[in-house]
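Structure first, then comments.
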Amino acid sequence: MKKVLLILGSALAPVLAFAQATPNFGYVTSGVTQIYTLFTTYLIPGLMLIATGFFIWGVIGYIRASSDDAKKEAKHRLVQSVIALAVIVSVWGIIALLQSILGVRASSTTNVVCPPGYTAVGARCLPI
């Protein structure tokens, strides 16, 4: 019990002495914005491209299949690709729905806020 009180006391000592500055968590918001931009710009369209290619591959495989087993495999590939496309489009729609409900819009300008000891250079934070 003494160890717990000692740890809590030492952790709260700066707060009690008013020696702690107000934390700036702006760089966390900037990081979330960058992750969102990565998803909406590259990841989701890339997954759509892969799923569409997989669908086209399934169509071609189904057309060229001569045996029942090959047609069954190509049909299975078509079903998988349609499910993948539906999931990707629904995730994209859910993100858009949440944006409209929460009133969040992606900004065209990125305001990079860096943690203490770092400076913003372009869209990156570099040590001072």
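The figures follow:
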{"quantity": "Residues within the stretch 47-76 that are in contact with a Gly (Cβ under 6 Å, 6 or more places away or on another chain) and exposed (fewer than 11 other Cβ atoms within 10 Å of the Cβ), tallied", "calculated": "0"}
{"quantity": "Conditions (1) in a loop (DSSP other than H, G, I, E, B); (2) surrounded by 10 or more Cβ atoms within 10 Å (Cβ to Cβ); (3) in contact (Cβ under 8 Å) with a residue 12 or more places away in the chain; (4) not acidic (D, E); number of the one not met by P116", "calculated": "(2)"}
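All of the numbers you see were taken from the coordinates with simple rules; none came from a lab. No experiment lies behind these values; they were computed from the predicted model shown. Cβ sites come from the backbone with ideal geometry, for glycine too, and all protein chains shown count toward neighbours.
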